[in-house]
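Following: one structure in structure tokens, then a few remarks.
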Amino acid sequence: MSFHATVLTLYPEMFPGHLGHSLAGRALERGDAGIEAVNIRDFATDKHRSVDDTPAGGGAGMVLRPDVLARAIDAVSPEGDTRPRLLMSPRGKPLTQARVRELAEGPGAVIVCGRFEGVDQRVIEARNLEEISIGDYVLSGGEPAALTLLDAVIRVLPGVMGNAQSGTHESFETGLLEHPHYTRPQLFEGREIPAVLTSGNHKAVEEWRQAQSLELTRERRPDLLGPKD
Ligand code: SAH
């Protein structure tokens, strides 16, 4: 198995979710990737099997307990496990295609899905969790974020994408957004495919695509052209 993910969640039935279909589904079937979902609640010890408690200092909502979560992490990732430990979190570093590629080259990941208001800060520190965000908005739980991260990782694993060429021009891979795509029919509601694309001139096609990429990126995501941090 090249990439093995263990997901800690209160909703293991949400996995593999959409990743059981299509490209990722076939990768899981072949064993190119594995996803194991483990219920955090299995590591609760009191008779109510409680995993959360009220926030210290007051306020709304509940917080995932550090002791229960630490036990779950230790059980699925004993000493010697070299996989990075990720915590899906809106406060995390935004996920990038570069981090996705890095993760895909590694042995896998242990992924913690938060719920409620989030998790106790002490377990983040004590278990060295890397907080990763999938965007500047708030989800009700980390599960869709974990599925999103895993989707992005699995599709770049060796042999997963059918056409080896596919992926090399894609958005973010080159630091730019991808050029527009066209396919048959030649005429759609009065709109033609740009002539250069059907000219048979590969060099002209390549130049057109580059120019389109650059223009789109300038217009929509000028931040991608700015200095890297
Ligand atoms: N009170 C928190 C939000 C908690 S949302 C705050 O204001 O920062 C509940 C859980 O959903 C989080 O613990 C996290 O695991 C997940 N989540 C929500 N938004 C996310 C995002 N943008 N990226 C990754 N995970 C997210």
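Only helical DSSP H runs with n ≥ 4 go in: add -39500 (n - 2.57) per run for the chain, normalise by residue count and round the 222 nm mean residue ellipticity to 500 deg cm²/dmol. The partial results should precede the final answer.
Values: 6 runs with 67 residues, N = 229.
It lands at -9000 deg cm²/dmol.
Of the listed peptides 141-149, 88-96, 53-61, 103-111, what is their order by residue-averaged count of other C-beta atoms within 10 Å, with the highest listed first?
Put in order of decreasing packing, that is 141-149, 103-111, 88-96, 53-61.
For the chain, what % of the accessible area comes from carbon and sulfur atoms, probe 1.4 Å? Write down the numbers at each step before the final one.
Working: 6950 of 13480 Å².
Here it works out to 52 percent.
Rounded, prolate or oblate: which fits the chain when a ≥ b ≥ c are the square roots of the eigenvalues of the alpha-carbon gyration tensor, with rounded for a/c under 1.5 and prolate only if a/b beats b/c?
Values: a/c = 2.58, a/b = 2.05, b/c = 1.26.
Prolate is the answer for the chain, as a/c is 1.5 or above and a/b outweighs b/c.
Find the relative contact order for the chain and round it to a whole percent, using C-alpha pairs within less than 8 Å whose residues are 6+ positions apart. Before the final figure, lay out the partial values.
Values: 330 pairs, mean separation 45.2, N = 229.
Reported as a whole number, the value is 20 percent.
Suppose R0 equals 35 Å. What FRET efficiency, 1/(1 + (r/R0)^6) with r the Cβ-Cβ distance, do Glu206 and Glu29 give to the nearest 0.05? Please list the in-between numbers first.
Numbers: r = 36 Å, r/R0 = 1.03.
Calculated value: 0.45.
In whole Hz, what ³J(HN,Hα) sequence does segment 76-87 give by Karplus (6.51, -1.76, 1.60; θ = phi - 60°), x for Gly and Pro?
Computed from phi, the couplings for segment 76-87 are 8, 9, x, 3, x, 6, 8, 5, x, 9, 10, 10 Hz.
FRET efficiency for His169 and Lys93, Cβ-Cβ distance as r, R0 = 25 Å, nearest 0.05? Please list the in-between numbers first.
On the way: r = 26 Å, r/R0 = 1.03.
Efficiency for this residue pair is about 0.45.
Report the residue, chosen from Leu176, Leu19, Leu86, that carries the largest GNM mean-square fluctuation when the chain is represented by alpha-carbon nodes joined by springs under 10 Å.
Of Leu176, Leu19, Leu86, the most mobile in the Gaussian network model is Leu176.
Describe numerically, in nm with one decimal, the distance between label points set 7 Å from Cα along Cα→Cβ at Tyr182 and at His21.
Placing both labels 7 Å beyond Cα along the Cβ direction yields 3.1 nm.
Antiparallel as a % of all DSSP beta bridges within the chain, to the nearest 5? List each step's numbers first, then the result.
Numbers: 4 of 26 bridges.
Here the antiparallel bridges make up roughly 15 percent for the chain.
Applying a 10 Å radius around every beta-carbon, put 189-201, 39-51 in order of their mean neighbour count, most first. Intermediate results must be reported in sequence, preceding the final value.
On the way: 189-201: 10.9, 39-51: 14.4.
In descending order of packing, they fall as 39-51, 189-201.
Accessible area per residue, 1.4 Å probe, Å², for segment 54-116: what's the number? Could you put the intermediate results ahead of the total?
Numbers: 3120 Å² over 63 residues.
Each residue of segment 54-116 exposes 50 Å² on average to a 1.4 Å probe.
The values are calculated or read from the model by the stated rules, or taken from the named source; none is laboratory data. Everything quoted here is computed from the prediction, not taken from an experiment. For neighbour counting, all protein chains shown are included, and Cβ atoms are generated from backbone atoms with ideal geometry for every residue, glycine included. SASA here: full protein model, heavy atoms, side chains in, ligands and nucleic acids out. Shrake-Rupley method; radii C 1.70, N 1.55, O 1.52, S 1.80 Å.
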